[in-house]
């Protein structure tokens with residue numbers, strides 16, 4: 001997700017609020033171009049499904065890589081065991097082959113664990129950014145509503 005996405009739009013909305021003129025005699029109240037604010041919020045609403053879909057696609061791709069790696073590791077282990085049994089008839093060679101197969105399996109499981117953890121960390125980071133964006137947007141909307149309600153009470 002780049003700055004042209006939801007985070008960029010939230011920055012644009014913040015700029016709109018910050019650059020708006022204060023209400024005469026009320027520094028804590030601002031005159032906001034409501035059409036521009038609603039347009040930005042509509043763009044944010046339009047982007048959320050796309051960015052969520054992108055995050056889900058990345059997670060699916062990573063899961064597919066994990067599955068492929070596990071299948072390849074299993075195939076390699078099975079091939080190693082088969083070759084070891086065909087080639088080796090002595091106990092020591094079989095023992096060494098078994099150790100190597102176990103090491104390959106352990107390495108593959110560790111790789112799978114690390115890849116899965118990386119995918120989960122990435123997904124958590126993406127959802128954390130989305131959550132922060134939503135929090136910021138919600139806070140901005142609340143401030144706008146509070147200002148709107150304060151203006152309505154003044155009249």
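Rule-based calculations on the coordinates, nothing more; no lab input. Everything quoted here is computed from the prediction, not taken from an experiment.
Find the centroid of the Cα atoms in the range 116-155 and in the range 25-98, then give the distance between the two in whole Å.
26
Quickly estimate the mean residue ellipticity at 222 nm for the chain, helices only: each DSSP H run with n ≥ 4 gives -39500 (n - 2.57), and the total goes over all residues, rounded to 500.
Numbers: 3 runs with 132 residues, N = 155.
Using -39500 (n - 2.57) per qualifying helix, the result is -31500 deg cm²/dmol.
Stokes-Einstein D for the chain at 20 °C, 1.002 mPa s, Kirkwood Rh over Cα pairs, in µm²/s?
Values: Rh = 20.3 Å.
Estimated diffusion coefficient is 106 µm²/s.
How far, in degrees from 0 to 90, does helix 91-154 lean away from the longest principal axis of the Cα atoms of the chain, to the nearest 10?
10
Round to the nearest 10 and give me the degree value, 0 to 90, for the angle of helix 34-87's Cα axis relative to the longest principal axis of the chain.
10
Enter the angle in degrees (range 0 to 90, nearest 10) between the Cα long axis of helix 6-19 and the first principal axis of the Cα atoms of the chain, meaning the one along which they spread out most.
Value to nearest ten degrees: 20.
With N set to the residue count of the range 1-88, report its C-alpha Rg divided by 2.2 N^0.38 Å to two decimal places. Walk me through the numbers on the way to the answer.
Values: Rg = 26.9 Å, N = 88, 2.2 N^0.38 = 12.1 Å.
Ratio of Rg to 2.2 N^0.38 Å for the range 1-88: 2.23.
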